[in-house]
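Undergrad: Below is the structure I would like to discuss, written out as structure tokens.
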Amino acid sequence: MTAAPVAPSSPRRLAWQRRRRAAARFWRQYRTHRAGLVGLAALVLCALVALTAPLTVGSDVSGVTDAPGRPLESPSGEFPLGTDRFGRDVLGLVVWGSRVSLLVGLLAAVLSVAIGAVVGITAGHFRGAYATVVMRVTDWFLVMPTLVLAIALATVMSRSLGTVILAIGVTTWPTTARLVRAQTLAVESRPYIERARALGGGHGHIMTRHVLPNVMPLVLAQTTLMVSASILAEATLAFLGLGDPTVVSWGGLLQDAREAGAVSSGDWWYLVPPGIAIAAVALAFTLCGRAVESVLNPRLGVAR
């Protein structure tokens, strides 16, 4: 009796196998970066704190009508980080504010990188007059202060989280656009792009099937780096009073502390915790982004 022929694997199954091997290889290389592991552990901890906030501190922690303490109490056993000017627990506010700050940072970074990737790929592919006009607009955004543009957008639009996300996303994309365009030009100079054109591949096919997969590592690394910048930008806008006043964020806590005169009165517990939270999360995303960038592009020579 002859053995039954083995059915060949389907293309989809082979693609999933390659993706699993690539993911395993990426993780093996990422684990060699100690700073990246520290940043990843800090982000996982922060994400768990944000996700479990409704269970640990409750959604009523931001209410001012039934605040549990007296205004501006110093740290004690009942309130480890003291209270704010309304008598609310600062520790609970910092924990609850992590939800908004992380959400705004992630969404704004995704929006910024998406705009930059589309602009960079199309400018690198079509070139000519289109690329000239698009890159001159990109240069204009680069030379203009990002914070000033974000403040202008947040001022003329309604004060909401959507406005903050939009203001950050549409003002921070030029750096990504220039990086992606440079990578696109390098990819389109390779021989297989010429073969794809000779075989009848259109613009959409070349950009989505050949260019996009090759620039995705750069896009992913840029996304992790942009999250920290977006969190800092959100904190800045909230500190300037341009955020949503109905939600609690780390930048909003700093703005409340400034209005309450915490700087001049020495109420450090009102200022330090949200400031440390912003700095720690921004540093963690930066460490992860540098590690991802080093793994995906070893030629950068990023220190481990």
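The values are calculated or read from the model by the stated rules, or taken from the named source; none is laboratory data. Just so you know, these numbers come straight off a predicted model, no measurement behind them. So basically every Cβ, Gly included, is an ideal-geometry build from the backbone, and we count neighbours across all protein chains shown. SASA here: full protein model, heavy atoms, side chains in, ligands and nucleic acids out. Shrake-Rupley method; radii C 1.70, N 1.55, O 1.52, S 1.80 Å.
Undergrad: If I model a spin label at Leu37 and Val133 as a point 7 Å from the Cα along the Cα→Cβ vector, what separation in nanometres do I get?
TA: Rounded to a tenth, the inter-label distance reads 5.2 nm.
Undergrad: Sticking with this one: Using alpha-carbon pairs under 8 Å, 6+ residues apart, how would you state the relative contact order of the chain in percent?
TA: Computed over the chain, the figure is 25 percent.
Undergrad: Checking the a/c ratio against 1.5 first, then a/b against b/c, what shape does the Cα gyration tensor give for the stretch 130-215? Show your work: numbers first, answer last.
TA: Working: a/c = 3.52, a/b = 2.47, b/c = 1.42.
Because a/c hits 1.5 or more and a/b exceeds b/c, the stretch 130-215 counts as prolate.
Undergrad: May I ask you to give the solvent-accessible area per residue for the stretch 1-133, in square angstrom, as obtained with a 1.4 angstrom probe?
TA: 61 Å²
Undergrad: Something else about it: Okay, helix-only estimate at 222 nm for the chain: each DSSP H run of n ≥ 4 adds -39500 (n - 2.57), divide by all residues, round to 500 deg cm²/dmol; what do you get?
TA: Value at 222 nm, helices only: -23000 deg cm²/dmol.
Undergrad: Using unit Cβ charges (K, R positive; D, E negative) and no other charged atoms, how large, in debye to the nearest 20, is the dipole of the chain about its Cα centre?
TA: Charge dipole, the chain, about its Cα centre: 2220 debye, nearest 20.
Undergrad: Over all distinct alpha-carbon pairs, what is the Kirkwood Rh of the chain in angstrom?
TA: Taking every pair of different Cα atoms in the chain, averaging 1/r and inverting gives 22.0 Å.
Undergrad: For labels at Asn214 and Ser59 in the simple 7 Å Cα→Cβ model, what's the distance in nm?
TA: With each label point 7 Å from Cα toward Cβ, the separation is 4.9 nm.
Undergrad: Hey, if you put +1 on the Cβ of every Lys and Arg and -1 on every Asp and Glu Cβ in the chain, which of Ile231, Ala114, Leu93 ends up farthest toward the positive end of that dipole?
TA: Ala114
Undergrad: In degrees between 0 and 90, to the nearest 10, how far off the longest principal axis of the chain does helix 268-296 point, with axes built from Cα atoms?
TA: 10 degrees
Undergrad: Once you charge only the Cβ atoms, +1 for Lys and Arg and -1 for Asp and Glu, what is the size of the charge dipole of the stretch 1-117 about its Cα centre, to the nearest 20 debye?
TA: Around 1360 debye, computed over the stretch 1-117.
Undergrad: Find the relative contact order for the stretch 89-177 and round it to a whole percent, using C-alpha pairs within less than 8 Å whose residues are 6+ positions apart.
TA: 47 percent
Undergrad: Then there's this: Could you give me the percent of Cα pairs per 10 Å distance bin for the stretch 215-304, shortest bin first, beginning at zero and ending with the bin that holds the maximum distance?
TA: Pairs per bin, as whole percents: 17, 36, 24, 16, 6, 0.
Undergrad: Ignoring any ligand, DNA or RNA, what whole percent of the accessible area of the stretch 178-295 comes from carbon and sulfur when the probe is 1.4 angstrom?
TA: 64 percent
Undergrad: Across the stretch 125-140, in residue order, what do the Karplus-derived ³J(HN,Hα) couplings come to in whole Hz, using 6.51 cos²θ - 1.76 cosθ + 1.60 with θ = phi - 60° and x for Gly and Pro?
TA: 8, 7, 6, x, 5, 4, 5, 4, 5, 5, 6, 5, 5, 4, 4, 5
Undergrad: Using the Karplus curve 6.51 cos²θ - 1.76 cosθ + 1.60 with θ = phi - 60°, work out ³J(HN,Hα) for each residue of the stretch 203-210 in order, rounded to whole Hz, and write x for Gly and Pro.
TA: Whole-Hz 3J(HN,Hα) from phi for the stretch 203-210: 4, x, 5, 5, 5, 8, 8, 10.
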